[in-house]
Structures are given as C-alpha cells and as structure tokens.
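Note sheet for the following structure.
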Amino acid sequence: MIARVSCAALRGVEAFEVKLEADFTRGGLPSFNMVGLAEGAVKEASGRVFTALRNCAFKLPGGKITVNLAPADCRKAGSAYDLPLALGLLAAVGQLAPENLEGFYCLGELSLTGELRPVPGVLPVAMLAAEKKAHGLIVPQANAKEASVVQGVAVYGVNSLLEAVNFFALAHPLEPTLPDHDMLRENFAADFAFDFAEVKGQEHAKRAIELAAAGGHNILLIGPPGSGKTMLAQRIPGILPPLDFEEALEATRVYSVAGLLRPGEPLLRRRPFRSPHHTTSNAGMVGGTSNPRPGEISLAHCGVLFLDELPEFQKSVLEVLRQPLEEGKITIARAAMSVSYPAGFMLVAAMNPCPCGYYGDISRRCACPPQDVRRYRAKLSGPLLDRLDLHVEVPAVPYADLRLQKAGTSSSSMRTRVIRARRLQQKRYAGTACRNNAALNGDMLERHCALKEAESAFLGHAVQKLGLSARSYTRILRLARTISDMEEGGEITVRHLAEAINCRALDREQG
C-alpha cells in the first residue's frame, strides 16, 4: 500500500511542498530505502522513527519499505520529516487511514520516546499551508504559537507521536491554536534599555542619526576612541518607527529559518539590531556554507546592522555588502542550488579616522605617518563609501559637556519626529514598492526630488567641486528629501542640499 503525507522543505526563506510517499510490501527480507535527495538528519530519520514507533507500542510487520520525497531533484535537510515519516509508515501498513492524512501538512522532530521536539522554519511552512488552503498544519506544541500568526490555516500543536496518531485516527480531536491578538496588534514597546539623553554632547551626530532613521539611510560615524560612536549606534533602534505586521512577518520568517526565535516570542516586535564582530567571515555575514542559512545581513532585515571598527573587517566581507545595500536582498549561488535571503537593513558603521584613532583630534596627537592613514582609509572602497548616505564626524566630547547636568536630546523626542517623517513618506509612496526615501530611484527620484534652477545650480557646483560620483549625487538628493520631510515635506531648498552635503564628510575631504 502507498500512503502520502504532505510536508515541506525550505529554499531560502520560502517553503515549497514535499510529498512523502511511503510504500510497504509484505514478504521477502525486511528492508528500508529512502530516496529523493535526502541529506544528513533526513537519512537518519529511520533510526529515530522506528525506535519512537516501538516505544509508542506500534508494531510494523516485516516487509520492504520504500520512502520517496518528491520532488526528487530538490535537497531535503533537517529533522522535520520525522513526524510525516512516522505517520506515512503507519498509513502504509494499514494502521492509519491514508485518506485522513489528506489536506494536512505535518512536520516535527521525534525523540526516541515519541515526544515531538520543535524545528526551525515553521513560519514559512505555515504560510505555504495557508497559500495551499490546507485543512490544517500539525506541528510540535512548542512551534504552535509561531505558526498561528499566519491567518488562513488551522494550526494544531501536538506533544507526541501518539497524540498526532490519535488525532488522525479520529480518536481524539484537537483544538486549533489561536493567535495572541495582542501580539498581532501593532505594538511598539517604548521601554528601550538605552536613551539618547544619556549621551552627553554630540548634538550634531544626533541630528545626523535622526535624519538617517527618518529616511532609512545608511550612516558612517567617524571619530576617535571614546567619543561615543558605539553608544550612539546602540540607541538607534529606540528611535526607529514600530514594525508593522508585514515587516514583522518578514523579519520573523528569517529568524524562524535560522532557528533563532526565542521561546515565548513567536513574532518579532522590535526591529532587529545585529552587531557582528570584525572577524566575521563572508559566510557569517551574507549566509552560506554547504547548507545555506541566513547571515548577519539577513538577520538584520527590517532593522539595523552595526559594523564597529569598519576598516578592521576583511575587505572581501565589506565588498559583499554592496549588492544587498542596493537591492535589499542577497543571492547565494551553489553548484546544486541558488537561494535568496532578504537583506533590507539600515547600515550603521563606525570607524576611527586613522590606525591610532586620533587623526584630527585637538586634544591628542596622532602618531600615524600619512601613508598609514591613507592605507587605513583605503580599506574602504569608493563604491562602498558611495553607498553610505551620511559620513558624520563624532569628535571627542569636551570635559565641560561631560559635566553638564542637563540631559541631551532624548530618544522620545527624536522618535516622534522620525515617525512623523516616515508617515509622510508612507503616504507619498503609497501603492509603490518604495518604503522610504533611501529607496528612491529612477523616475521616482526625479519626480519627488525635483529641483528648481537655483537649487540645481548649487548642487551642480558642489558635484563638480567635490568630484562626486553619480551615486553620491543620488544619495545627496535622497538625504535632502528627508531633511525637507523633517520640516513637513515641502520643496527641497539650497539649505536642505547644503546640510545633506555637509553630512558627507569624506566627500568634502576628497574634494
């Protein structure tokens, strides 16, 4: 008898349907054969499944068992096939009615005692099940809340193989897991651990960060050690607008595939903040290895990627950032597959102005020879710097500012202005793929950043004098649009353009 069970495999952050077909033939020497490009943990599933069946008091008759995972030309990895394999075997030997399995997607890892353990990637599978209009999705109880955030499919959480078998044998009905409506409601938590009011001085840097957050721009902070670059970067998530449900679902899907969702948090409610060490490899940054998984740039999707000590990163690691910074995604090609991960993040980088860190500092003398300074800065290529909308100098804080009792600009006031500017952009770009000013391009850039004659002449003179590239020109226009939006979104003026150019310190140095 042949039994079929619906399950799923992952390609990037997308799930695609896999049909597990189990055939049982009586007689001959007992054997088990699995085909369909199964790898690693999938091949080992038979040992877990047969032991779990035996410990749950199920006895399989002797015979030849063949299991096929279709489509057979796509790799299957992971332990999520344990539960569908066990159910398929029971249906193939006649201990479950095969028709009862139809229309249900199943996944879960089995322990040797038959208990179900959570698996990664449940959210994309739930989205697939909803798209296919499945009767239901059977998942480990620990994954049920995660899957329940997807509307359009009934999610049943089970604790053991026996509980799943009783459900399909119609011996014990299950209640579907209901979503937490408070969790699904757009909810912005304002109790962030860090506040910009704690940063003494640096009002110019705070203004630049506020502009970056308001338009979704990438920013580079340049200053000596101890000037507060890391403090400033850590507080940026606290002024960003709240995740809407669509963004939360996109970001959560990446964390689900990576297996990084925290218990009790089935849906991300705050924008991610990732801060990889400068020793991170290419694969750690963009994702990869033989079995591709999301890297740091994808884990920062819809949030912030903070790269401290930017020139200390390997040059090859920095150069791979160029594509995702432009396209908002990363494609990883391997001999047997090609997968894409989302990578729509806000890049925040920090660096010293020279190897010793004190080039240009008024209180400490720089000990670096000029050639060392040039070599240090040459680690950042021109194309990469062009993709950073703001280059902001963060000087050492004077002692008088450190002793001030008055608090500086707070995250609350900055967040209010950022959200107001973002709402203006949402209204302006409604019905398009553009979410903020940083994504403006092509016709939309020309339409929404149109300049009058005086403004055009001013920007043309700056481009010529500073030797700006076409990409830098685009960045200045986008940033000027954001500066205007902070003032209720009127026309772009010379003052807006001047401030945008002033926020590109490295361009001014080169000019």
Quick one: in segment 283-296, which of the residues that are out of contact with any strand residue (DSSP E or B) (no Cβ under 6 Å at 6 or more places or on another chain) and at pLDDT 90 or above is surrounded by the most Cβ atoms within 10 Å (Cβ to Cβ)?
Met285
Please state which one of Arg422, Arg387, Arg428 is open to solvent by less than 70 Å² (accessible area, probe 1.4 Å), in contact with a His (Cβ under 8 Å, 6 or more places away or on another chain) and of a type outside the set (S, T, N, Q).
Arg428
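With a cut-off of at least 1 residues that are farther than 23 Å from Gly103 by Cα, name the strands (runs of 3 or more DSSP E) lying wholly within segment 1-54. Even if it seems obvious, please write down each step before you answer.
Numbers: elements: 2-11, 14-26, 31-35.
Because the criterion is at least 1 residues that are farther than 23 Å from Gly103 by Cα, the strands (runs of 3 or more DSSP E) in segment 1-54 that meet it are 14-26, 31-35.
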When restricted to Leu112, Leu178, the only residue loosely packed, with under 14 Cβ neighbours inside 10 Å, modelled with pLDDT of 95 or more and not β-branched (Val, Ile, Thr) is Leu112
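If you check Asn166 against the conditions, is it open to solvent by 30 Å² or more (accessible area, probe 1.4 Å), without any contact (Cβ under 8 Å) to a residue 60 or more places away in the chain and over 31 Å from the mean Cα position of the chain (by Cα)? Give the steps one after another, and end with the answer.
Numbers: open to solvent by 30 Å² or more (accessible area, probe 1.4 Å): yes; without any contact (Cβ under 8 Å) to a residue 60 or more places away in the chain: yes; over 31 Å from the mean Cα position of the chain (by Cα): yes.
In short, yes.
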Candidate set from segment 297-324 (those that are farther than 25 Å from Pro355 by Cβ and without any contact (Cβ under 8 Å) to a residue 40 or more places away in the chain); member that is least open to solvent (accessible area, probe 1.4 Å)
Pro324
Whether any residue in segment 428-451 is touching a residue at least 40 places away in the same chain (Cβ under 8 Å) and of a type in the set (Val, Ile, Thr) is what I want to check.
no
Among residues of segment 386-427 being charged (D, E, K, R) and modelled with pLDDT of 90 or more, the residue farthest from Leu243 (Cα to Cα) is Glu393
Consider only pairs whose beta carbons are under 9 Å apart and that are at least six residues apart or on different chains; among these, list those whose first residue lies in segment 460-481 and is on the phi > 0 side of the Ramachandran plot and whose second residue is assigned to a helix (DSSP H, G or I).
Gly467/Asp507; Gly467/Gln510
When you scan segment 390-402, do you find a residue that is within 26 Å of Leu347 (Cβ to Cβ), open to solvent by 70 Å² or more (accessible area, probe 1.4 Å) and without any contact (Cβ under 8 Å) to a residue 24 or more places away in the chain, even just one?
no
With the first residue restricted to segment 331-360 and required to be touching a residue at least 12 places away in the same chain (Cβ under 8 Å) and outside any loop (DSSP other than H, G, I, E, B), and the second required to be basic (Lys, Arg) and buried (at least 23 other Cβ atoms within 10 Å of the Cβ), Cβ contacts under 7 Å at 6 or more apart or on different chains are Ala350/Lys229
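I need a count of the residues in segment 363-378 that are surrounded by fewer than 13 Cβ atoms within 10 Å (Cβ to Cβ) and free of Cβ contacts under 8 Å to residues at least 12 places away in the same chain.
Let us first name the residues in segment 363-378 that are surrounded by fewer than 13 Cβ atoms within 10 Å (Cβ to Cβ), namely 363, 365, 367, 369-371, 374, 378.
Now drop any that are not free of Cβ contacts under 8 Å to residues at least 12 places away in the same chain, which leaves 365, 367, 369-371, 374, 378.
Within segment 363-378, residues that are surrounded by fewer than 13 Cβ atoms within 10 Å (Cβ to Cβ) and free of Cβ contacts under 8 Å to residues at least 12 places away in the same chain number 7.
Could you check, for segment 448-458, whether at least one of its residues is acidic (Asp, Glu), open to solvent by 40 Å² or more (accessible area, probe 1.4 Å) and within 15 Å of Ala214 (Cβ to Cβ)?
Within segment 448-458 (the criterion being acidic (Asp, Glu), open to solvent by 40 Å² or more (accessible area, probe 1.4 Å) and within 15 Å of Ala214 (Cβ to Cβ)), the answer is no, since none of the residues qualifies.
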Restrict the check to segment 295-311 and report whether at least one residue is farther than 29 Å from Phe194 by Cβ and touching a Lys or Arg at 6+ places or on another chain (Cβ under 7 Å).
no
Looking for whichever is closer than 26 Å to Asn33 by Cβ and either in contact (Cβ under 8 Å) with a residue 40 or more places away in the chain or not β-branched (Val, Ile, Thr) (or both) here; the options are Ala72, Ala126, Ala130. Which one fits?
Ala72
Collect the residues in segment 229-257 that are over 18 Å from the mean Cα position of the chain (by Cα), of a type in the set (A, V, I, L, M) and either within 12 Å of Arg270 (Cα to Cα) or surrounded by 23 or more Cβ atoms within 10 Å (Cβ to Cβ) (or both), keeping them in residue-number order.
Leu232, Ile239
Could you figure out which of (1) buried (at least 21 other Cβ atoms within 10 Å of the Cβ); (2) within 30 Å of Leu402 (Cα to Cα) isn't true of His277?
(1)
Residue list for segment 461-480, filter: under 32 Å from the mean Cα position of the chain (by Cα) and open to solvent by less than 20 Å² (accessible area, probe 1.4 Å)
Ser472, Arg475, Ile476, Leu477, Arg478, Leu479, Ala480
The lone condition Leu268 fails out of (1) open to solvent by less than 40 Å² (accessible area, probe 1.4 Å); (2) in contact with a strand residue (DSSP E or B) (Cβ under 8 Å, 6 or more places away or on another chain) is (2)
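Give Ser381, Ser410 a once-over and let me know the one that is open to solvent by 30 Å² or more (accessible area, probe 1.4 Å), in contact (Cβ under 8 Å) with a residue 12 or more places away in the chain and within 28 Å of the chain's Cα centre (by Cα). Reasoning before the result, please.
Numbers: Ser381 fails: open to solvent by 30 Å² or more (accessible area, probe 1.4 Å).
Within the list Ser381, Ser410, the selection yields Ser410.
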Which one is surrounded by the most Cβ atoms within 10 Å (Cβ to Cβ) among residues in segment 8-58 that are within 36 Å of the chain's Cα centre (by Cα) and of a type in the set (Val, Ile, Thr)?
Val49
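Going by the conditions given, is Cys354 in contact with a helix residue (DSSP H, G or I) (Cβ under 6 Å, 6 or more places away or on another chain), over 30 Å from Arg271 (Cα atoms) and either hydrophobic (A, V, I, L, M, F, W, C) or open to solvent by 40 Å² or more (accessible area, probe 1.4 Å) (or both)?
Numbers: in contact with a helix residue (DSSP H, G or I) (Cβ under 6 Å, 6 or more places away or on another chain): yes; over 30 Å from Arg271 (Cα atoms): yes; either hydrophobic (A, V, I, L, M, F, W, C) or open to solvent by 40 Å² or more (accessible area, probe 1.4 Å) (or both): yes.
Judged against the criteria, Cys354 is a match.
The values are calculated or read from the model by the stated rules, or taken from the named source; none is laboratory data. None of these values were measured; they are calculated from a predicted model. Here the Cβ is made from the backbone with ideal geometry for all residues, glycine too, and neighbour counts use every protein chain on show. With ligands, DNA and RNA removed, areas are computed over all heavy atoms of the protein, side chains included. Shrake-Rupley method; radii C 1.70, N 1.55, O 1.52, S 1.80 Å.
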